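The values are calculated or read from the model by the stated rules, or taken from the named source; none is laboratory data. None of these values were measured; they are calculated from a predicted model. For neighbour counting, all protein chains shown are included, and Cβ atoms are generated from backbone atoms with ideal geometry for every residue, glycine included.
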Amino acid sequence: MKQMLAAVLTEPGAPLDLREVPVPVPGPGELLIKLEACGVCHTDLHVRDGSASAAGHPHPLILGHEGIGRVVAQGPGAKRYELGERLALPWLHDTCGSCPECLGGSESFCADQRAHGFSVHGGFAEYAIVRESFTTRIPDGLDPVTAAPLLCAGVTAYGAIRKAELAPGKTCMVVGCGGLGLYAVQLAKQSGAQVVAVDTSQRKLDIAREAGADHTFLAGEDPGGRTRDLGGADACINFAPSAAPWKAMVDGIRPRGWIIGVAMVPDPVPLSMEWLTYTGARITGTSVGTRQELNELLQIGARTNLKIPTERVDLRNVNDALDRLAQSTVDGRMVIEFDSFAGR
Ligand SMILES: [Zn+2]
Ligand SMILES: [Zn+2]
């Protein structure tokens, strides 16, 4: 049986184990892709440390959900894509297809979804399985390493921006200028909105400014009050994994504005129902994106210069990459590049 190198989770809290495992065989409606690139996401970190896990996932589990690769084998009945076509391995492996969320255009909230690198094997391996109904073609002209972060970081930011209802004349506060926040800055700017970027790091604010932010405020320097001085934000989107930005968002939001939670923040925040009543503020959350949103974003990515800083890493160094992610010392995204495997 043909073997491949994979980074597998053997027990939560332990480093991923680099080992040879059998190349999977695609079943009905499935495709085998040979990975060219796979981004490293915070969720991979949470899965590795055990703070996030799915019931019934395979053991050991191959992580990774920002993969791009070419079709090398088709399972029975899988006819939508040709051998050699470049496809996505995104977060969603599949969903139930029949619940109100799936039918109502919110499939990323399906309670019965299966996700790559979480409930089924993902892209931290030389080969992976995708479902032909849930993968999508990567447009020509997109470089796999540059485009891989679009599949989770990018589509998550895009889903948030869609909910923010931006337009020329509106103002959007983006809190947290890592990879997701930088996509959000660019997408908000494309909508014609004025963009206020907030972060604890001046370096990240400088990158956000280059990405198109009109105003950049350090988290400790009253970003909410300063945003209010600009006329207030029609939408405040939080990408920072902390409850601390809540005050800035409440201070900076305009009446009827959207407060959108993206980062997974387990800590509670104070919410005055009186404030809710007299501002009419709207509060929601968002999680990755639908297939349709991913297709739209890939087209935007191919047409515009949508990108974040990316650092290429080797699959063999994936634990180091995850450790650095935990320390928040990364600008943008680290992406595993599989071309570095000479001769395989
Ligand atoms: Zn992710
Ligand atoms: Zn469903």
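Output the residue which, of all residues in the stretch 260-288 that are in contact with a Ser or Thr (Cβ under 9 Å, 6 or more places away or on another chain), among the aliphatic types (A, V, I, L, M) and under 13 Å from residue 246 (Cβ atoms), is modelled with the highest pLDDT.
The extreme case among them is 260.
Which one of these does residue 112 not meet: (1) at pLDDT 95 or above; (2) away from ligand 2 (no atom under 16 Å from the Cβ); (3) charged (D, E, K, R); (4) out of contact with any strand residue (DSSP E or B) (no Cβ under 7 Å at 6 or more places or on another chain)?
(2)
Quick one: in the stretch 44-66, which of the residues that are crowded, with 20+ Cβ neighbours inside 10 Å and of a type outside the set (Asp, Glu) is nearest to ligand 1 (Cβ to nearest atom)?
65
List pairs: first residue in the stretch 272-293 and on the phi > 0 side of the Ramachandran plot and within 16 Å of ligand 2 (Cβ to nearest atom), second residue assigned to a loop (DSSP other than H, G, I, E, B) and at pLDDT 95 or above anywhere in the structure, Cβ distance under 8 angstrom, at least six positions apart or on different chains.
The qualifying pairs are 288/90; 288/91; 288/152.
Go through the stretch 155-180 and count every residue that is within 14 Å of ligand 1 (Cβ to nearest atom) and in contact with an Asp or Glu (Cβ under 9 Å, 6 or more places away or on another chain).
Matching residues across the stretch 155-180 total 5.
Hand me the list of strands (runs of 3 or more DSSP E) wholly inside the stretch 220-307 holding 2 or more residues that are surrounded by fewer than 16 Cβ atoms within 10 Å (Cβ to Cβ).
Here the list reads 253-261, 282-285.
Give me the pairs: first residue in the stretch 141-152 and within 10 Å of residue 333 (Cβ to Cβ), second residue among the aromatic types (Phe, Trp, Tyr), beta-carbon distance under 6 Å, and six or more apart or on different chains, which are they?
152/91
Identify, by number, the condition in (1) within 21 Å of residue 263 (Cα to Cα); (2) out of contact with any helix residue (DSSP H, G or I) (no Cβ under 6 Å at 6 or more places or on another chain); (3) within 16 Å of ligand 2 (Cβ to nearest atom); (4) of a type outside the set (S, T, N, Q) that residue 117 doesn't meet.
Just one mismatch for residue 117, condition (3).
Of all residues in the stretch 1-43, how many are exposed (fewer than 13 other Cβ atoms within 10 Å of the Cβ) and closer than 16 Å to residue 119 by Cα?
Of the residues in the stretch 1-43, 2 are exposed (fewer than 13 other Cβ atoms within 10 Å of the Cβ) and closer than 16 Å to residue 119 by Cα.
Limited to the stretch 129-150, what total is found for residues that are crowded, with 24+ Cβ neighbours inside 10 Å and either of a type in the set (Ser, Thr, Tyr) or within 15 Å of ligand 1 (Cβ to nearest atom) (or both)?
5
Taking only pairs six or more apart or across chains, which ones have beta-carbon atoms under 7 Å, a first residue in the stretch 185-206 that is within 19 Å of residue 248 (Cα to Cα), and a second residue that is assigned to a helix (DSSP H, G or I) and among the polar types (S, T, N, Q)?
Every condition considered, the pairs that remain are 196/227.
Residue-by-condition table, conditions (1) among the small types (Gly, Ala, Ser); (2) within 17 Å of residue 40 (Cα to Cα); (3) without any contact (Cβ under 8 Å) to a residue 12 or more places away in the chain; (4) touching a strand residue (DSSP E or B) at 6+ places or on another chain (Cβ under 6 Å):
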{"site": "76", "(1), (2), (3), (4)": "no, no, no, no"}
{"site": "86", "(1), (2), (3), (4)": "no, no, no, yes"}
{"site": "94", "(1), (2), (3), (4)": "no, no, no, yes"}
{"site": "101", "(1), (2), (3), (4)": "no, no, yes, no"}
{"site": "108", "(1), (2), (3), (4)": "yes, no, no, no"}
{"site": "118", "(1), (2), (3), (4)": "no, yes, no, no"}
{"site": "122", "(1), (2), (3), (4)": "yes, yes, no, yes"}
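List pairs: first in the stretch 42-56 and among the small types (Gly, Ala, Ser), second in a loop (DSSP other than H, G, I, E, B), Cβ under 6 Å, 6+ apart or cross-chain?
Close Cβ pairs (under 6 Å, with a partner that is in a loop (DSSP other than H, G, I, E, B)) amount to 50/12; 50/13; 54/118; 54/119.
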